[in-house]
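Asker: If you scroll down you'll find the structure; I have some questions about it.
The values are calculated or read from the model by the stated rules, or taken from the named source; none is laboratory data. Everything numeric in this text was worked out from a predicted model, so none of it was measured. Positions of Cβ are backbone-derived with ideal geometry, glycine not excepted, and every protein chain shown enters the neighbour counts. Quick note on the areas: whole protein, heavy atoms, side chains included, nothing else; ligands and nucleic acids left out. Shrake-Rupley method; radii C 1.70, N 1.55, O 1.52, S 1.80 Å.
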Amino acid sequence: MAGSTGPSLLWAQEVASLLMLRVRRTVLQTAILFCVLLLLLWISVFLYGSFYYSYMPTVSYVSPVHFQFRSDCDSTGPELCSFPIANVSFIKDNRDRVLMYGQPYRISLELELPESPANQNLGMFMVAISCYTKGGRIFSSSARSAMLHYRSGLLQTLDTLAFSSLFLTGFSEQKQTVEVELFSDYKEDSYTPTVGAVIEIQTKRVQIYGAHLRIHAHFTGLRYLLYNFPVTSAILGVSSNFAFLSVIVLFSYLQWIWGSIWPRESLSVQVSSREGVQQQKEDGHRRVVVPKEGPEEGEEVPSSQPEDLGAAEKEELSGAEAEFESVENSSLLTEANFPAPSQDPTDLLSLGGKEPTPGSEIRQRSVCSSS
């Protein structure tokens, strides 16, 4: 029993260690994958936010308008000494420009006018605006007419009686807000950006509580979708960025995994090709031309020239390299040019008692040169 329980315990310990190793590895891989996905999601949100901030212009910009006029005249009535005039800057926080190139804007002026007898008797008046660039050059100008809305005496009396408590407590005032549209489709010039505007009310009898200049952008195309459907646009934008980044990370991971295999395959191909060339070289060096025995008596021996032998050898050694062929040809030419040495009579006897023919001498020389 004790002997059988020992191996089983060892086997159980090994299985437990393997399971723990696999669990640890799985947990580590899951944690790494979660961190990578979280990082990709954060980068996707950051890219969409950067694109939205850089692509979308200022939707609406409201600036207070403070009119100025001369007061050094001797006028005793309600008339002013000059036309009210104001200068409005189009640079937000002294850094960012309000208008963006290529985006159409609607520019309007809101006037808070009291329902005083002077304004009611004023009738129509003109409101002029002149947009200027850096350096004070006038880029665009416009003028529009405006007037107080007409209300009869009975309507004014009923309104006063209905809202008398609010008028007495100060929660409401007897005034009208007149909106004057100065530009319906104003576009910025990229070469001469607009930095401000001069607004002038061309009447001396107007009475004003306050005024505001409103700049509202008219969106079309992609900007219209981003502004009117912000949640859907954000989901689609973040999802597309996440998918694109995931594909890039996946291909990078596959390249890192397969990068250790591709170089080995190319190296093996190069090594095998080099071994084949080396084997061809060795086969070319080992080839030997076996000399034929001398012809019998009465047979005609064809005369062979060194040039013919050189051509035959070139055909046999076509697979070898150019260096080996040049060495063989040089050896053949040198032996063919020099005279043949005198042979010893004992060598003639070893050939079977037959006299050597000119063709056999040449074959023997070729054997020596090729070996």
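Asker: How far apart, in nanometres, would the label points at Thr169 and Arg151 be if each is projected 7 angstrom from Cα along the Cα-to-Cβ direction?
Answerer: Computed distance between label sites Thr169 and Arg151 equals 1.9 nm.
Asker: Using a 1.4 angstrom probe on the protein heavy atoms only, line up Thr133, Thr26, Thr58 by accessible area, largest first.
Answerer: Sorted descending by solvent-accessible area, the residues read Thr26, Thr58, Thr133.
Asker: Not counting ligands, DNA or RNA, and with a 1.4 Å probe, what is Val59's accessible surface area in Å² rounded to the nearest 10?
Answerer: That residue has around 40 Å² of solvent-accessible surface.
Asker: Here is a further query. Express the carbon and sulfur contribution to the solvent-accessible surface of segment 1-63 as a percent, rounded to the nearest whole number, probe 1.4 angstrom.
Answerer: 77 percent
Asker: Express the accessible area of segment 1-89 per residue in Å², computed with a 1.4 Å probe while the remaining protein chains stay in the model.
Answerer: 79 Å²
Asker: In addition: For the pairs Lys92/Lys187; Lys92/Lys175; Lys175/Lys204, flag any whose C-alpha to C-alpha distance is greater than 26 Å.
Answerer: Pairs exceeding the cut-off: Lys92/Lys175.
Asker: When only the heavy atoms of the protein chains count and the probe is 1.4 Å, how do Tyr61, Tyr186 rank by accessible area, highest first?
Answerer: Tyr61, Tyr186
Asker: Quote the accessible area belonging to Cys81 in square angstrom, nearest 10, computed with a 1.4 Å probe and with ligands, DNA and RNA left uncounted.
Answerer: Taking all protein chains as shown, Cys81 has close to 30 Å².
Asker: To continue, here is another question. Taking Cα centroids, how far is segment 228-248 from segment 141-158 in Å?
Answerer: After rounding, the separation between the Cα centres reads 50 Å.
Asker: In addition: Could you put Val36, Val231 in order of accessible surface area, largest first, with the 1.4 Å probe and the full protein assembly present?
Answerer: Output order, biggest surface exposure first: Val231, Val36.
Asker: Could you compute the net charge surrounding Tyr209? Neighbours are other residues with a C-beta less than 15 Å from the C-beta of Tyr209; K and R count +1, D and E count -1.
Answerer: Computed value for this residue: -4.
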